[in-house]
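See below for the structure under consideration.
The values are calculated or read from the model by the stated rules, or taken from the named source; none is laboratory data. What you see is a predicted model; the values in this text were computed from it and never measured. Positions of Cβ are backbone-derived with ideal geometry, glycine not excepted, and every protein chain shown enters the neighbour counts. These accessible areas exclude ligands, DNA and RNA; they are computed on the full protein's heavy atoms, side chains included. Shrake-Rupley method; radii C 1.70, N 1.55, O 1.52, S 1.80 Å.
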Amino acid sequence: QVQLVESGGGLVQAGGSLRLSCAVSGRTFGSYAMGWFRQAPGKEREFVSTISGTGITTYYADSVKGRFTISRDNAKNTVYLQMNSLKPEDTAVYYCAARSSVNLRSRYQDYDYWGQGTQVTVSS
(Lines give C-alpha, C1' and ligand atoms only; values in the text may rest on other atoms or scores of the structure.)
Protein backbone atom coordinates (compact mmCIF):
# COMPACT_ATOMS: atom_id res chain seq x y z
CA GLN A 1 0.00 0.00 0.00
CA VAL A 2 1.29 3.42 -0.93
CA GLN A 3 0.90 6.20 1.61
CA LEU A 4 1.30 9.90 0.93
CA VAL A 5 1.78 12.60 3.55
CA GLU A 6 1.73 16.28 2.61
CA SER A 7 3.28 19.10 4.59
CA GLY A 8 4.22 22.73 4.17
CA GLY A 9 0.85 24.41 3.96
CA GLY A 10 -0.01 27.53 5.93
CA LEU A 11 -1.10 31.14 5.85
CA VAL A 12 0.78 33.56 3.60
CA GLN A 13 0.17 37.04 2.24
CA ALA A 14 -0.51 37.62 -1.41
CA GLY A 15 2.76 37.70 -3.35
CA GLY A 16 4.42 35.33 -0.92
CA SER A 17 5.75 31.82 -1.35
CA LEU A 18 5.27 28.37 0.11
CA ARG A 19 6.81 25.00 -0.64
CA LEU A 20 4.67 21.92 -0.24
CA SER A 21 6.22 18.50 0.27
CA CYS A 22 4.73 15.06 -0.16
CA ALA A 23 6.52 12.07 1.34
CA VAL A 24 5.61 8.75 -0.24
CA SER A 25 6.07 5.31 1.27
CA GLY A 26 7.12 2.34 -0.81
CA ARG A 27 10.15 1.20 -2.75
CA THR A 28 8.88 1.93 -6.25
CA PHE A 29 8.43 5.69 -5.98
CA GLY A 30 10.26 6.29 -9.25
CA SER A 31 7.65 4.28 -11.17
CA TYR A 32 4.82 6.61 -10.17
CA ALA A 33 3.77 9.73 -11.95
CA MET A 34 2.92 12.27 -9.25
CA GLY A 35 0.40 15.08 -9.23
CA TRP A 36 -0.78 17.99 -7.17
CA PHE A 37 -4.44 18.94 -7.03
CA ARG A 38 -6.35 21.49 -5.02
CA GLN A 39 -9.89 21.97 -3.82
CA ALA A 40 -11.42 25.21 -2.63
CA PRO A 41 -14.64 25.26 -0.57
CA GLY A 42 -17.66 24.62 -2.75
CA LYS A 43 -15.55 23.82 -5.79
CA GLU A 44 -14.46 20.66 -7.55
CA ARG A 45 -10.98 19.27 -7.11
CA GLU A 46 -8.78 20.77 -9.81
CA PHE A 47 -5.50 19.82 -11.39
CA VAL A 48 -2.45 21.88 -10.51
CA SER A 49 0.59 20.03 -11.82
CA THR A 50 2.06 16.63 -12.61
CA ILE A 51 5.52 15.18 -13.01
CA SER A 52 6.83 12.00 -14.59
CA GLY A 53 8.61 9.27 -12.66
CA THR A 54 12.00 10.46 -13.86
CA GLY A 55 11.17 14.10 -13.20
CA ILE A 56 11.95 15.05 -16.77
CA THR A 57 8.40 15.86 -17.90
CA THR A 58 6.07 18.27 -16.13
CA TYR A 59 2.72 19.88 -16.87
CA TYR A 60 0.90 22.74 -15.22
CA ALA A 61 -2.57 24.18 -15.13
CA ASP A 62 -2.70 27.50 -16.95
CA SER A 63 -3.70 29.21 -13.71
CA VAL A 64 -0.37 28.38 -12.04
CA LYS A 65 2.02 28.25 -14.99
CA GLY A 66 5.03 30.46 -14.41
CA ARG A 67 4.35 30.72 -10.66
CA PHE A 68 4.45 27.10 -9.43
CA THR A 69 7.18 24.52 -9.94
CA ILE A 70 6.83 20.80 -9.37
CA SER A 71 9.88 18.65 -8.68
CA ARG A 72 10.78 15.33 -7.13
CA ASP A 73 13.66 13.68 -5.33
CA ASN A 74 13.46 9.95 -5.97
CA ALA A 75 16.21 9.25 -3.44
CA LYS A 76 13.99 10.77 -0.76
CA ASN A 77 10.65 9.49 -2.08
CA THR A 78 9.39 13.05 -2.05
CA VAL A 79 7.63 15.36 -4.48
CA TYR A 80 7.54 19.12 -4.04
CA LEU A 81 5.43 22.03 -5.17
CA GLN A 82 7.15 25.41 -4.99
CA MET A 83 4.50 28.12 -5.07
CA ASN A 84 5.56 31.71 -5.76
CA SER A 85 3.61 34.92 -6.32
CA LEU A 86 0.66 33.44 -4.48
CA LYS A 87 -2.78 34.93 -5.00
CA PRO A 88 -5.90 34.77 -2.82
CA GLU A 89 -7.50 32.54 -5.46
CA ASP A 90 -4.80 29.94 -4.75
CA THR A 91 -6.42 29.35 -1.37
CA ALA A 92 -7.44 25.69 -1.15
CA VAL A 93 -6.62 22.32 0.33
CA TYR A 94 -3.74 20.92 -1.70
CA TYR A 95 -3.53 17.21 -2.31
CA CYS A 96 -0.68 15.05 -3.47
CA ALA A 97 -1.53 12.03 -5.63
CA ALA A 98 0.27 9.09 -7.19
CA ARG A 99 -0.52 7.37 -10.44
CA SER A 100 0.68 3.81 -11.15
CA SER A 101 1.70 4.62 -14.69
CA VAL A 102 4.34 6.48 -16.64
CA ASN A 103 1.66 8.39 -18.53
CA LEU A 104 0.84 11.82 -17.18
CA ARG A 105 -2.79 12.74 -16.59
CA SER A 106 -4.65 15.77 -15.30
CA ARG A 107 -7.89 14.10 -14.24
CA TYR A 108 -8.09 13.30 -10.56
CA GLN A 109 -9.97 10.10 -11.44
CA ASP A 110 -6.78 8.74 -13.03
CA TYR A 111 -4.80 8.77 -9.78
CA ASP A 112 -4.61 5.75 -7.50
CA TYR A 113 -3.34 7.05 -4.18
CA TRP A 114 -3.98 10.29 -2.31
CA GLY A 115 -2.66 12.17 0.68
CA GLN A 116 -4.81 13.76 3.35
CA GLY A 117 -4.28 17.29 2.06
CA THR A 118 -2.68 20.43 3.44
CA GLN A 119 -4.39 23.81 3.75
CA VAL A 120 -2.97 26.80 1.91
CA THR A 121 -4.51 30.17 2.70
CA VAL A 122 -3.45 33.33 0.88
CA SER A 123 -4.59 36.60 2.40
CA SER A 124 -5.05 39.76 0.36
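Things to note:
- Whole-Å distance, taken between Cα centres, linking region 10-35 and region 49-78: 9 Å
- Hydrodynamic radius by Kirkwood, which averages 1/r over all alpha carbon pairs of region 17-73, in angstrom: 12.5 Å
- Total formal charge among the other residues, if their Cβ is under 14 angstrom from that of Asn103, Lys/Arg +1 and Asp/Glu -1: +1
- Taking max minus min of the alpha-carbon positions on each principal axis, region 69-119 gives extents of 33, 27, 20 Å, largest first.
- Average projection, convex hull of the Cα set of the chain: 6.8 square nanometres.
- Computed over neighbours whose Cβ is under 15 Å from that of Gly8, the net charge equals +1, Lys and Arg +1, Asp and Glu -1.
- Region 1-41: radius of gyration over Cα atoms, expressed as a fraction of 2.2 N^0.38 Å: 1.47
- Heavy-atom surface of the chain, accessible at 1.4 Å and reported per residue (Å²): 52 Å²
- Relative contact order of the chain, defined on C-alpha pairs under 8 angstrom at six or more residues apart (%): 37 percent
- Apportionment of accessible area to carbon and sulfur, the chain, percent (1.4 Å): 46 percent
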